[in-house]
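As structure tokens, the structure follows; a few thoughts come after it.
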Amino acid sequence: MQSVVDPEVIEVRPDEQIDRSRLEPWLRARLPEAAGPLTIRQFGGGHANLTYLLRFGAAEYVLRRPPLGPVAPTAHDMAREHRVLARLGDAFPLAPRSYALCTDPEVLGVDFHVLERRRGAVIRRDLPSVLQDRPDLQRRTGEMIVDVLADLHGVDPAAVGLGDLGRPEGFARRQLDGWGRRWHAAKDRDVNDVDQMLGWLDGGVPAPQAVALLHNDYKLDNLMVDAADPATPVAVFDWDMATRGDPLMDLGYLLNFWNEPGDDPRWHHVSRMPTNHPGFPSRADVVERYARRSGLDLDRIAWYHVFGVFKLVVIVQQIYIRYLRGQTQDARFADYDVRVRDLARKGVEVMSG
């Protein structure tokens, strides 16, 4: 495999170094191709789990581990991610194959796993040049994002050995209660808009129409696409929260990131999906396309949308509190209190129709 320049690959940040003295022999004993000298670099684009590029000569792998410092219970579950990615690719080829899981704290001090590397582009906050001034390609890329999610939800969990993953009964209620507890554990101040969202969500939890495999963090920057044709998907990443449950929870979370041209500009800053360009489908188009492909009734989609906003509020606050406590020195997180405030206001506006 020829190595090419990847703009997301950086030198390992000083406070996120990993001890290779125990890691290297562990890797060499377990990976299919681990000859030649080991080099370690870091993927710089993520905001929570730490992801590293491992090279043994021409062979490349990806190592994923939880963030530094204490993490919320059940969050950043590398064992879960490994289990899903060791099996899911048989039915859902966009899931990279995971090769090895380590639960021995003597190696890195935390659980981690090593998986296949895929090559392509990841679209984050800004629209790449290949998509600019090409409304038809923008439309096809937006439709692809929806179709990939519907395809995942169409996988039979039992067919890939994941029929016992998670607890789908009462899933939405447990999610609301669990993320509510995370909010209270991570907050550094009261936010009235968050309290309003929690009250509204608590009063109307929908009954599920189906049980499906959920990604639980599905959005554009967890997709890798073909660099020359962004409407062609290459991989879906970040499966550490994957489970079985109500598929509309995934769709509601995606809608939270799906910006439109007329939205409050602060939403664009927080949500970071460049779908506010005119060629992309609208949120109403997204709902209609998903409903058509899934056959589900989306009359209650507003509840799932607001829950998606609330979930992101909690995730951003968890990152911010780690920054406040000195558990990470990443300066990108210094203004995340403002993002929490803006997201909470967005949730109240979506809730109000």
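With the cut-off at 1.5 for a/c, could you classify the range 263-353 from its C-alpha gyration tensor as rounded, prolate or oblate? Note, shape of the range 263-353 comes out prolate. The residues neighbouring D195, those whose beta-carbon lies less than 14 Å from its own, together hold a net charge of +1 under the Lys/Arg +1, Asp/Glu -1 convention. Quick one: go through the range 238-278 and flag any residue whose amide nitrogen is under 19 Å from the point 7 Å out along the Cα-to-Cβ line of A284. Hits in the range 238-278 for A284 at 19 Å: 252, 255-264, 275-278. Relative to the longest principal axis of the Cα atoms of the chain, helix 135-153 runs at roughly 80 degrees. May I ask you to work out the translational diffusion coefficient for the chain at 4 °C, viscosity 1.567 mPa s, via Stokes-Einstein with Rh from the Kirkwood sum over Cα pairs, reported in whole µm²/s? The estimated diffusion coefficient comes to 62 µm²/s. The sum of -39500 (n - 2.57) across all DSSP H runs of n ≥ 4, divided by the residue count of the chain, sets its helix-only mean residue ellipticity at 222 nm to -12000 deg cm²/dmol. Extension gain for A29 to D202 (0.36 nm times residue separation, less C-alpha to C-alpha distance): 57.3 nm. Within a straight-line Cα-Cα reach of under 12 Å, K346 can be paired with the following aspartates and glutamates, leaving aside sequence neighbours fewer than 8 residues apart in one chain: D193, D263, D264.
Highest-first packing order for the peptide set 178-186, 266-274 is 266-274, 178-186, based on the mean count of other beta carbon atoms within 10 Å.
Under a 5 Å amide H cut-off, with hydrogens placed 1.01 Å from N, A227 pairs with A121 among residues at least 5 apart or on other chains. Remark: the Cα gyration tensor places the range 9-116 in the rounded category, a/c being less than 1.5.
Length gained on full extension, R13 to D190, computed as 0.36 nm times the residue gap minus the Cα-Cα distance: 60.4 nm.
Simple rule: put +1 on each Lys or Arg Cβ and -1 on each Asp or Glu Cβ in the chain, find the dipole, and look at T275, I10, M241; the Cα lying farthest toward the positive end is I10. Note on T275, T328, T39: ascending count of other Cβ atoms within 10 Å places them as T39, T328, T275, the fewest first. Charge dipole of the range 229-353 (Cα centre as origin; +1 on each Lys and Arg Cβ, -1 on each Asp and Glu Cβ, all else neutral): 280 debye, rounded to the nearest 20. The distance between label points at D299 and R125 comes to 4.1 nm (points 7 Å beyond Cα on the Cα→Cβ vector).
The slack in the chain from A158 to D177, taken as 0.36 nm per residue of separation less the alpha-carbon distance, amounts to 4.1 nm. Peptide packing for 117-125, 93-101 was compared via the average number of neighbouring C-beta atoms within 10 Å per residue; ordered from the highest value, the list is 93-101, 117-125. Can you classify the range 89-222 as rounded, prolate or oblate using the Cα gyration tensor, where a ≥ b ≥ c are the square roots of its eigenvalues, rounded means a/c under 1.5, and otherwise it's prolate if a/b beats b/c and oblate if not? It is rounded, given that a/c, with a ≥ b ≥ c, falls under 1.5. Please report, in debye to the nearest 20, how large the charge dipole of the chain is about its Cα centre when each Lys and Arg carries +1 at its beta carbon and each Asp and Glu carries -1 there. For the chain, the charge dipole is close to 440 debye.
A short reminder: the numbers here are calculations on the coordinates, not readings from a lab. Just so you know, these numbers come straight off a predicted model, no measurement behind them. Here Cβ is always computed from backbone atoms with ideal geometry, including for glycine, and neighbour counts include all displayed protein chains.
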